[in-house]
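Below: the structure, in structure tokens.
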Amino acid sequence: MSIDHGAAEFPFEQLARILRDRIESGQYPAGRKIPALIKLQDEFGLSSMTVRRAVKALADEGLLLRVPGRGTFVAES
């Protein structure tokens with residue numbers, strides 16, 4: 001999947017949707033760490049701010065858990 005910069009949906013929303021799909025499909029299983037933010041930046045060609053915004057949106061939804069000094073993990077159901 002890729003980010004469509006010409007779409008009506010903001011890039012951070014597109015990334016949040018992609019990550020949500022990966023969580024729901026089990027590609028990122030509950031309790032496991034998601035890729036580092038820098039890896040997501042490289043994979044999708046996005047700024048660090050955009051990636052952080054997508055991760056924050058999913059954390060606010062309760063799908064991700066950010067652990068300072070450890071990383072970001074998929075929340076347990």
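Among the candidates I23, I34, which residue alone is free of Cβ contacts under 8 Å to residues at least 60 places away in the same chain, among the β-branched types (V, I, T), more than 16 Å from S2 (Cα to Cα) and touching a Gly at 6+ places or on another chain (Cβ under 8 Å)? Of the residues listed, the single one that is free of Cβ contacts under 8 Å to residues at least 60 places away in the same chain, among the β-branched types (V, I, T), more than 16 Å from S2 (Cα to Cα) and touching a Gly at 6+ places or on another chain (Cβ under 8 Å) is I34. Restricting attention to the stretch 68-77, the residues that are assigned to a loop (DSSP other than H, G, I, E, B) and among the hydrophobic types (A, V, I, L, M, F, W, C) total 1.
Could you tell me which of the residues V74, V51 is touching a Gly at 6+ places or on another chain (Cβ under 7 Å) and aliphatic (A, V, I, L, M)? Spell out the reasoning first.
On the way: V51 fails: touching a Gly at 6+ places or on another chain (Cβ under 7 Å).
Only one candidate qualifies: V74.
Coordinate-derived values only; no laboratory data. Quick caveat: nothing in here was measured; it's all calculated off a predicted structure. With ideal geometry, Cβ positions are generated from the backbone for all residues, glycine too; neighbour counts draw on all protein chains shown.
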